Amino acid sequence: IAFYRDLLFVAILKIWRIPIVFHIHGKGVLQAATKPVSKKLYQWVFKGEKVILLSPRLFPEISMFVKEEDCFFLPNGIDSPPDGEDTDSKRNKSGNSVPQILFLSAMHASKGPLFLIDALALLKKEGLSFEVRFAGPWASDNLTERFFRHVKENDLEDRVAYVGSQFGHEKAKLYNKSDIFAFPTVKDAFPLVLLEAMSYGLPVVSTDE
């Protein structure tokens, strides 16, 4: 829907022959282009224009429409942790007797919260100690039900806590009292949350996505 809405703005700019630079933050062009109508529209949209992507690894998404010399790459960046958050000293002195694992993102199936529960079940079978906090807004009521059912089925209720959406200093506290950041996403493009976790000194366990 957003793509078709943007076509109106693109049409106006092209009519007035105003050069366009598209800054693409995600993925989806390659998949959408499998439909003949969408493919034709993308050819028209990108013809003669410039594109900024987050990483060279995303160039295959648009390679059938854009020449390499017309594509530029600008990695994501984030703000430093809030003032007063001495992340280095807190990371070195966490003092957690039980490893604390953090998942912080929108609670969407594609971000991998259910996959993480599967992984935690394996860790429990190995006899390893851990506690996990899931933070972020729910994407759907259906996922909420599936998540808590999955936790119960794997007998992880005493180790898994959902702490809701976290912002500002509350989010900073959550990062600072964690030991590992886990994010088994299956559909993403240069997730900001990984940069954020690393800015707090957390080792990241994720996918090649």
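Here the label points at Gln43 and Thr207, each 7 Å from Cα along the C-beta direction, are separated by 3.2 nm in the simple model. Taking the longest Cα principal axis of the chain as reference, the axis of helix 141-153 is set at about 40 degrees. In degrees between 0 and 90, to the nearest 10, how far off the longest principal axis of the chain does helix 113-125 point, with axes built from Cα atoms? Helix 113-125 sits roughly 30 degrees off the main axis of the chain.
Can you give the relative contact order of the chain as a percent, counting alpha carbon pairs under 8 Å and 6+ residues apart? That works out to 22 percent. Under the simplified labelling scheme, the Asp155-Ser129 pair shows an inter-label distance of 1.9 nm, with each label point 7 Å from Cα along Cα→Cβ.
For the chain, the per residue solvent-accessible surface stands at 61 Å², with DNA, RNA and ligands left out and a 1.4 Å probe.
Of interest is the spacing of the C-alpha centroids, which for the range 33-52 and the range 96-135 amounts to 40 Å. What a 1.4 Å probe finds exposed on the chain is 57% carbon and sulfur by accessible area, rounded to a whole percent. Calculated from the structure at hand, P(r) over Cα pairs in 5 Å bins from 0, in percent is found among (1) 1, 8, 17, 22, 22, 17, 10, 3, 1, 0; (2) 1, 7, 13, 16, 14, 11, 8, 7, 7, 7, 5, 3, 1, 0, 0; (3) 1, 6, 13, 15, 14, 12, 11, 10, 8, 5, 3, 1, 0, 0 as (3).
Build a GNM of the chain with springs between Cα atoms under 10 Å apart, and of Lys177, Lys50, Lys14 the one that fluctuates most is Lys14. Among Tyr162, Asn76, Leu7, which residue has its Cα furthest toward the positive end of the charge dipole of the chain, with +1 on Lys/Arg Cβ and -1 on Asp/Glu Cβ? Looking along the dipole axis, the top candidate is Leu7.
Counting only lysines at least 8 places from Lys152 when in the same chain, those with an alpha carbon closer than 21 Å to its own are Lys111, Lys124, Lys125. Computed from the C-beta positions of His169 and Phe9, the FRET efficiency with R₀ = 30 Å rounds to 0.20.
The values are calculated or read from the model by the stated rules, or taken from the named source; none is laboratory data. All of these numbers come straight from a predicted model, not from anything done at the bench. As a convention, Cβ positions derive from the backbone with ideal geometry for all residues, glycine included, and neighbour counts pool all protein chains shown. Note: accessible area is taken over every heavy atom of the protein model, side chains too, but ligands, DNA and RNA are not part of it. Shrake-Rupley method; radii C 1.70, N 1.55, O 1.52, S 1.80 Å.
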